[in-house]
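Structure first, commentary second.
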Ligand SMILES: *Cc1c(COP(=O)(O)O)cnc(C)c1O
């Protein structure tokens, strides 16, 4: 039992591979703004950011001020955009850490400008334009409201961007709507001709893959950096960066007609060899997989989850696994020899997307980072 209790293997070489694939996909003039919110989608902010920086990524986007400050601590010169709300009382921290704040409404930009003025500081901002998602942003056709943003002396506009809501769908009406959003964004930029609005960007991962012909200044890949794009996307050569693994704590024979686990939801008519695995829903493995006979990999062979996923443990049926021992590791998401369990399959079975699932592996799972195909360079974080 030389492995950790439960862990994720993070393959930084695959992250680099995915960056190369994105660069191959986008136009020569377009750059990558890496979206590393939510602890880099559960992959660990520090190692991911440092690794991205090494392969030349100098632009980052995050969801919160706290995340932005963390990235700044790692990269003194990168540009860092906060995509969402920063409370106005934190305006000083925006300036202190040289962060770029998104402004998305008339009231927000007004408050931000006033706070910056009274603090005697200049804040870098980017303007979020709503082209049809109706989440945050200035309506694409409220040009006068957008023009006013340029008039505040305490704010400096660094960019203007929008976000696609159905870029991950092949349905004809969705493809048409994405085109509507692109047109609205371009129309808005045209109306702002003469204003120095700075850099432009529109595409998330699905938008990058399915609309790779667009040529804005930046693209904003998140989930595709980690090799697990969600929704309907064209085929691209991306590699999953994360594998989820855990140790077996105990193997035993459970007698016929005995129940296994909470709720007594399973029993077998024959004796079964059952392994208990040291991972549970508090480690990010969804409890809603309970009772679905989900596969895991042991010794290069498929075994099935039995009973309910507990908070810190779960049970699998290893009756048919050759040579299984308490020394074996269990792969819950990942590859073993020719077999694999994909994050997208697990996500589908719990009615969610890979983005959501990946973020869950942040809580207490140990991360082992590898930088080569061989597993010889490992650092425990
Ligand atoms: C999260 C986010 C992204 C990245 O989305 P992915 O689908 O993970 O690539 C890009 N832009 C905005 C505004 C986001 O909130």
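General remarks:
- Modelled label positions at residue 312 and residue 179, each set 7 Å beyond Cα in the direction of Cβ, lie 5.6 nm from each other.
- Among 172, 240, 87, the largest mean-square fluctuation in a Gaussian network model of the chain, built with springs joining Cα atoms closer than 10 Å, belongs to 172.
- Divided by 2.2 N^0.38 Å, where N counts the residues, the Cα radius of gyration of region 194-275 comes to 2.08.
- The distance separating the Cα centre of region 26-58 from that of region 147-222 comes to 20 Å.
- Between residue 351 and residue 171, the FRET efficiency from the beta-carbon distance, with R0 = 22 Å, is close to 0.70.
- DSSP-defined beta bridges in the chain - what % are antiparallel, rounded to 5: 55 percent
- For a label point 7 Å along the Cα-to-beta-carbon line of residue 249, residues of region 292-334 with backbone N under 16 Å: 306-317, 326-330
- Bins of 10 Å, starting at 0 and running to the largest distance - Cα pair percent for region 50-141: 17, 46, 29, 9, 0
- Projected area averaged over orientations for region 125-258, convex hull of C-alpha atoms, nm²: 14.4 nm²
- Paramagnetic reach from residue 339 in region 274-295 [backbone N under 18 Å; point 7 Å along Cα→Cβ]: 274-278, 292-295
- In region 1-160, the DSSP beta bridges split such that about 0 percent are antiparallel, to the nearest 5.
- The three principal axes of the Cα atoms in the chain give end-to-end lengths of 77, 45, 40 Å, sorted in falling order.
- At an R0 of 41 angstrom, the distance between the Cβ atoms of residue 151 and residue 24 translates into a FRET efficiency of 0.50.
- The angle between the Cα long axis of helix 172-191 and the main principal axis of the chain comes to about 30°, on a 0 to 90 degree scale.
- Distance from the C-alpha centroid of region 281-310 to that of region 90-106: 43 Å, rounded to the whole angstrom.
- Value of Rg/Rh across region 125-180 [Cα atoms, Kirkwood radius]: 1.09
- Extension reserve of the residue 264-residue 55 stretch, reckoned as 0.36 nm per residue once the Cα distance is removed: 70.1 nm
- Degrees between helix 45-54 axis and first principal axis of the chain (Cα, 0 to 90, nearest 10): 60 degrees
- Residue 96-residue 142 FRET efficiency (beta carbon distance; Förster radius 25 Å; 0.05 resolution): 0.20
- Share of alpha-carbon pairs per 10 Å distance bin for region 242-380, given as whole %: 12, 43, 35, 9, 1
- Region 12-226 - convex hull of alpha carbons, volume per residue in Å³: 114 Å³
- Degrees between helix 12-25 axis and first principal axis of the chain (Cα, 0 to 90, nearest 10): 50 degrees
Every read-out reported here was derived from the displayed coordinates using simple, explicitly stated rules and does not represent laboratory data. All values derive from a computational prediction rather than experimental measurement. Cβ coordinates were reconstructed from backbone atoms using ideal geometry, including for glycine residues, and neighbour counts include every protein chain displayed.
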